[in-house]
Amino acid sequence: MPRVKRGVTARAAHKKVLQKAKGFRGRRKNVFRIANEAVMRAGQYAYRDRRDRKGEFRALWIARINAAAREHGMSYSRFMNGLKKAAIALDRKVLADIAVLDKPAFSKFVERAKASLGA
């Protein structure tokens, strides 16, 4: 079996990792072994946080809806319950957008929610 010289392949693999480690501090950016560990860890964080981001946005939308609902004297949970009973099916992203950008329209949703609760 012939001898395989893999310098070209190894260098290409190392370059790929070091390219991803650009901007890291200290030896994490230019020493392959350390950079490789840092890049792998960064990938794990990125994978995890892509999923966490969804929950963070949901929490933000809920906080915005809650703040807007309380301006009209209603809690978030009662508001959402009222919308459900009024058969208004808007997701939290859209509701939060309306709460921030179109206050008169949001107040109409609050009125409909109050009416459906019988309050």
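The values are calculated or read from the model by the stated rules, or taken from the named source; none is laboratory data. This is a predicted model, so every value here is computed, not measured. Don't worry about glycine lacking a Cβ; one is built from the backbone with ideal geometry, like all the others, and counts go over all protein chains shown. To get the accessible areas, we keep the full protein, side chains included, count just its heavy atoms, and leave off ligands, DNA and RNA. Shrake-Rupley method; radii C 1.70, N 1.55, O 1.52, S 1.80 Å.
Mind ordering 8-21, 26-39 by average Cβ neighbours within 10 Å, highest first?
With the highest mean Cβ count within 10 Å placed first, the list reads 26-39, 8-21.
Taking the solvent-accessible surface of protein heavy atoms with a 1.4 Å probe, what is the per residue accessible area of the chain in Å²?
78
Using only Cα atoms, locate the centre of the range 100-119 and the centre of the range 28-50, then give the distance between them in Å, rounded to an integer.
Going from one Cα centre to the other spans 48 Å.
Report, in cubic angstrom per residue, the convex hull volume of the C-alpha atoms of the chain.
Enclosed volume per residue, from the Cα hull, is 173 Å³.
With θ set to phi - 60° and the Karplus curve 6.51 cos²θ - 1.76 cosθ + 1.60, what are the ³J(HN,Hα) couplings of the range 48-65 in order, to the nearest whole Hz, using x for Gly and Pro?
Each residue of the range 48-65 in turn: 4, 6, 5, 7, 5, 4, 4, x, 5, 5, 4, 4, 5, 4, 5, 4, 5, 5 Hz.
Quick one: dipole size for the chain, taken about the Cα centre, charges +1 on Lys/Arg Cβ and -1 on Asp/Glu Cβ, in debye to the nearest 20.
1260
Among ALA105, VAL4, ASN30, whose Cα sits farthest toward the positive end of the charge dipole of the chain (+1 at Cβ of Lys/Arg, -1 at Cβ of Asp/Glu, about the Cα centre)?
Towards the positive end, the residue furthest out is VAL4.
Need the full-extension length gain, LEU90 to PHE32, defined as separation in residues times 0.36 nm minus the C-alpha distance. One decimal, nm.
Result for the pair: 15.9 nm of gain on full extension.
If we sort 84-97, 49-62 on the protection proxy, mean other Cβ atoms within 10 Å, highest first, what's the order?
Result, highest mean first: 84-97, 49-62.
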